[in-house]
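Data first, discussion second: the structure below is written as structure tokens.
Just so it is clear, none of the values below were taken in a lab; they were calculated from the coordinates. Fair warning: this is a prediction, and the values are worked out from it, not measured in the lab. Positions of Cβ are generated from backbone atoms using ideal geometry, with glycine treated the same way; all protein chains shown enter the neighbour counts.
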């Protein structure tokens, strides 16, 4: 008994000594950090949010898509500002000004290809970031507002991409603007709204100027919402692959995840560079190199690849108004995710039932993308309708029901 008492006393002293040492080290580091950074408010913010920001130790490269999306936004803003110095928002000069940038402006071809392919790269990392969040439960409490702010950013990015696609004033630009904006006429008071958007009775000079103004303004709004998105993220912290929010295994963001994100950036720039230098027009439609002609409709009108799933949902419904509501609803339904989830398991890795339907959703979105660029004939019409049905069923029915089933199975006790 005396030996055990002595052993426990020594163990207690060792714990106190280790704790005291850890406390002194932490205080010393804090005081050094305060001397170096926190005397200045701005440097203190950098320290809190970039240097010593606590980050789960188990984060994978899937978490780098968020920072890559931010870098893509910066690239788009910088290249867009440079392009705006030479672009003319006039229906008689818009197409020629783009060709002038490509041919006569020093390195103009590079700036334009960076901007054009940068939009595609932006959507690639944004969609990957969204599906990563859906897989690892980034919508669950306490991150509901974080997820919703991300959906708002997605809407703004889509609006920016659509208005930017009109600016080259090629065949696809003109007819894409005409067809998409004309759909609003199916809504109550839609004719008045369309004439207000057009600035007249057809897509014309006022339309181009308005789209140019909107396209130039939206990226800065996106940058502001991005700061709100980051503030919400840093308030609750990042999720982790194991689904733990305990914070016991957190490490500083710098240097560990700065190095990791830099490697992800190098990979991103490599793929980006391949498109810019070797396949600059691979993701663009060739008809947009034909000047806009209001008297000739393209044989096969399709949007950019990142809009194809929503375009497939739009045309899968025969009713014009219903198609518009379904297309808009396909994005707005994402707002429901944090509030319709009925389970408590965060990571899809530990949800065998949901995992099946999750990968079916990924396949479904790929199918919608393929159907969106296909001709409006059978079997593509029927396939688009089935894919659209599964898309909405997943978010409105399967998502909450699977959560209930998995919760019951997790709490089930075998007698």
Helical contribution to [θ] at 222 nm, DSSP H n ≥ 4, -39,500 (n - 2.57), averaged over the chain, rounded to 500: -21500 deg cm²/dmol
Treat the count of other C-beta atoms within 10 Å as a stand-in for reagent exposure and order 332, 78 from fewest to most. 332, 78
With Rg and the Kirkwood Rh both taken from Cα atoms, where does Rg over Rh land for the chain? 1.06
Measure nothing fancy, just the Cα-based angle from helix 399-411's long axis to the longest principal axis of the chain, in degrees from 0 to 90, nearest 10. 20 degrees
Label-point separation in nm, residue 347 to residue 331, each point 7 Å along Cα→Cβ: 3.3 nm
Mean separation of Cα contacts under 8 Å (6+ apart) over length of the stretch 176-309, as relative contact order %: 16 percent
Please report, largest first and rounded to whole Å, the three semi-axes of the ellipsoid equivalent to the stretch 194-341, where each semi-axis is the square root of five times an eigenvalue of the C-alpha gyration tensor. 38, 24, 18
Fewest Cβ neighbours within 10 Å first, please rank 367, 160 accordingly. 367, 160
Give me the extension gain from residue 202 to residue 405: residue separation times 0.36 nm, minus the current Cα-Cα distance, reported in nm with one decimal. 67.8 nm
For the pair residue 152 and residue 131, the simple spin-label estimate (label points 7 Å beyond Cα toward Cβ) gives in nm 2.7 nm
Stokes-Einstein D (µm²/s) once Rh is taken as the Kirkwood radius of the stretch 181-250 over alpha-carbon pairs, at 20 °C in 1.002 mPa s: 134 µm²/s
Report the relative contact order of the stretch 302-415, percent, no decimals, based on alpha-carbon pairs under 8 angstrom and at least 6 residues apart. 39 percent
Can you sort 105, 98 so the residue with the fewest Cβ neighbours within 10 Å comes first? 105, 98
Helix 2-33 sits off the longest principal axis of the Cα atoms of the chain, rounded to the nearest 10 on a 0 to 90 degree scale, by 40 degrees
Determine the relative contact order of the chain: mean sequence separation of Cα pairs under 8 Å and six or more apart, normalised by residue count, in whole percent. 21 percent
Based on C-alpha coordinates, I'd like the Rg and Dmax of the stretch 302-415, in Å. 16.3, 59
Nearest 10 degrees is fine. How inclined is helix 94-103 to the longest principal axis of the chain, computing both from alpha carbons? 60 degrees
Near-label residues of the stretch 390-405 by backbone N, under 13 Å of a point 7 Å along Cα→Cβ of residue 60: none
